[in-house]
Structures are given as structure tokens and as C-alpha cells.
1. Using a cut-off of under 19 Å, list every residue of the stretch 126-152 whose amide N is near the label point 7 Å from the Cα of Asp185 along the Cα-to-beta-carbon line.
2. So which lysines can Lys33 reach, going by Cα to Cα under 23 Å and dropping same-chain residues fewer than 8 places off?
3. Please compute, for the alpha-carbon atoms of the stretch 126-168, the extent along each of the three principal axes and give them in descending order in Å.
Amino acid sequence: MEVNKDESLRCIELAKKLIADGNRGRAEKFLSKAERLYPSQTAQELLSKLHSMNGDAGQRNDTDDNDARRRRNRSGSPQHRKRSSSRNRSREPTAQSGSHSDHEGVSYTEDQLITVKRIRKCKDYYEILGVNKECSENDLKKSYRKLALQNHPDKNKAPGATEAFKAIGNAFAVLSDPDKRSRYDKYGLEESQPATRRRTFNDGDYEYNFSRGFEGKSKNTPTLCFTFRNG
């Protein structure tokens, strides 16, 4: 009988270690074995404690299962689907109103398109650069840098951006050169190249093509460094 008692105590010690490690199933087996070998108050108390712990865990699992079922039921309800649909629509990019894309899938913003259209409807070089006839060379350079950056074909993919960029370059090449500017102020474009005018059928306005006969880079044209980031 003493042998059984020693073996029972050994099983109890093993069960305690298993409980500490979270292995309740094996701990219960060793405690049951200890009870069979040599019944003791310690083994019974540990068994009761294990049953109580298993009962709490079972209740938590049942609660988790019930919560999961309720979430699934709510997700399948028409009201939830309606809310989800509304949230999805709200997450849709505002590109429908704020940006566009051409038939090749190239995207551009509404502001970029407006800038291009404004430049292509200008009637003279001063209007293109957004300056008056009394503007200084520094004013010309500031305006040129700003517009050239906005309309560079690598950044602005709106239709007509390339022509607008060339028109900006032509305007600056003429107005930044004192001799060309003087002739332009006296005679307009007749001394250099005609600005062809064509009717646009989308809004009934006229567009003036200042991109023909590209003047090239003036000696006064500032060097532009473009740094574009994806996205």
C-alpha cells in the first residue's frame, strides 16, 4: 500500500506541473490515477479545481461561439449589407468628380485639365504666363517655373498638356529676350510665327495654338529640375 501511496504522490506532483503548463487534460489523467492508487484530499481538491477551470473555459467558448454567430447573422442581414454598401461607396476614390482618365487609362486631375484649357485659350504670350506687359524678368521667371512644372508632360497627363507646355516655353522664350519682346510688343506674332486659331466643339470657345514653331530654349530660360514621386 505504501508503494501505491508513493506512486500516487508522484502522479500528483506531475499533475501540478502539467496544470502550471496549461496541459489540463493530462493533469486530470494523472490525478485520476493518483485517486485510484491511493485516495487523498489533495488529489480530490486538484480534480475539483480542474473541473471548475474546464467549466469556465467551456462557458467562454460558448460565449465566443454565440458572439461569432450573432456577428455572422448581422453581416447577412439586409440592413448590414446596406450599411456595408454605403461604407464601400464612401471609400470609393473621389476620382469620379476630382480626376479623369483617357481611353488608355492615363489619369489626370480636374485642376490639370483646367490649367491646360486656360493656356490653350489664351490670346497672347502675356496671358499664357499670367503676367502684364510691365512685368519684370524676375516675374517672368517665377511664372514660367510654376506653369512649366504644372504642365510638364511627365507630370500632367491631361489632353493637350504637351501643347500647353510648348506654348509656355514659346511665351517665355520670346518675352525673356529683350529684342524679341520688343518686336512682339510692336507687331505681335506676325514677326515670328502665326498663332493658329481653331474652334473646339465641346464648349464653343476658340483655342489658340502657340505651340507651333517652338522657339526652343532661350538663353534666359531657367533650368527646371523635375522630381516626381509615384502615387
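What follows is calculated from the coordinates using simple rules that are stated; it is not laboratory data. In this text, all values refer to a predicted model and were calculated from it rather than measured experimentally. Cβ sites come from the backbone with ideal geometry, for glycine too, and all protein chains shown count toward neighbours.
1. Only 126-144 pass the distance filter.
2. Straight-distance partners of Lys33: Lys5, Lys16, Lys17, Lys49.
3. 32, 14, 11
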